[in-house]
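Comments concern the structure below.
The values are calculated or read from the model by the stated rules, or taken from the named source; none is laboratory data. Keep in mind that what you see is a predicted model, and the values were worked out from it rather than measured. All Cβ positions, even for glycine, are placed from backbone atoms using ideal geometry, and neighbour counts span all protein chains on display.
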């Protein structure tokens, strides 16, 4: 199968609401009319309900009950609301697929996204962009399940036993989840920085010029994988590659001290996958 064939199956591919597409476009556009965007979000009842439910959750600790998207923007800030809407639109775009654990997939994606946002602060990059990159870093994996479900299930089984997903997908399908994810991000008009972060997420040192967002995403994935294996903070710190830390501008010693915080991290978006 060729990569182009995946995207020729348009009847199977996910689509996102127009307002979510506009918000994705706004990541690279500082000149946006926030009031107009908020009104457009309000027209989508499903996304509005999700956003308000999340905005009023204990995680965000709003000082008062939030009753509209416009209020959410005032209380939580536009960047936070944008992240909630984009996350809602992306998770809602994918329907259940036989043999695919959707909740497990999004739970893992949210974990990487949360870690990427956490790392973004010391790396001095945009935390919302880092979160979004983490949210969709393995979106290609889900698309492969949609277009080649039986083969994808077999690959998952081998991966659970320690096999390399990229190598397996490349050998058996002809492309891998990274390539599919990068292409979907391009078709959904995500900013070039996010497209490139997805492309080089497993090898940030190969990217020229090197990029903090890519390195941050790479580190978030490693931490998430170590957490899944119940690694200690010392083991997590030892697993972080020096080249990615250097690219992200992170001090290894200072980061190791901060790792104590990761046990308390929560995205606050778990209801998206309920």
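Residue check: residue 272 meets all listed conditions (1) touching a helix residue (DSSP H, G or I) at 6+ places or on another chain (Cβ under 7 Å); (2) modelled with pLDDT of 90 or more but one, namely (2). For residue 200, the criteria (1) more than 30 Å from residue 47 (Cβ to Cβ); (2) at pLDDT below 95 hold in every case but one, which is (2). Looking across the range 54-68, the residues that are surrounded by 11 or more Cβ atoms within 10 Å (Cβ to Cβ) and either free of Cβ contacts under 8 Å to residues at least 24 places away in the same chain or not in a loop (DSSP other than H, G, I, E, B) (or both) come down to 54, 55, 56, 62, 66, 67. Can you tell me which residues in the range 35-51 are surrounded by 15 or more Cβ atoms within 10 Å (Cβ to Cβ) and either in a helix (DSSP H, G or I) or assigned by TED's automatic domain parsing to the domain that holds residue 189 (or both)? Answer for the range 35-51, where residues must be surrounded by 15 or more Cβ atoms within 10 Å (Cβ to Cβ) and either in a helix (DSSP H, G or I) or assigned by TED's automatic domain parsing to the domain that holds residue 189 (or both): 37, 38, 40, 41, 42, 47, 48, 50, 51.
Residues are listed down the side, and each one gets a yes or a no for (1) surrounded by fewer than 16 Cβ atoms within 10 Å (Cβ to Cβ); (2) without any contact (Cβ under 8 Å) to a residue 24 or more places away in the chain:
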{"site": "203", "(1), (2)": "yes, yes"}
{"site": "210", "(1), (2)": "no, no"}
{"site": "216", "(1), (2)": "no, no"}
{"site": "226", "(1), (2)": "no, yes"}
{"site": "230", "(1), (2)": "yes, yes"}
{"site": "238", "(1), (2)": "yes, yes"}
{"site": "260", "(1), (2)": "yes, no"}
{"site": "269", "(1), (2)": "no, no"}
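For the range 129-149, the criterion of a residue being in contact with a helix residue (DSSP H, G or I) (Cβ under 8 Å, 6 or more places away or on another chain), surrounded by 19 or more Cβ atoms within 10 Å (Cβ to Cβ) and over 20 Å from residue 105 (Cβ atoms) is satisfied by at least one position. Filtered by the rule that a residue be in a helix (DSSP H, G or I), closer than 24 Å to residue 191 by Cβ and touching a residue at least 60 places away in the same chain (Cβ under 8 Å), the range 240-258 gives a lone residue, 248.
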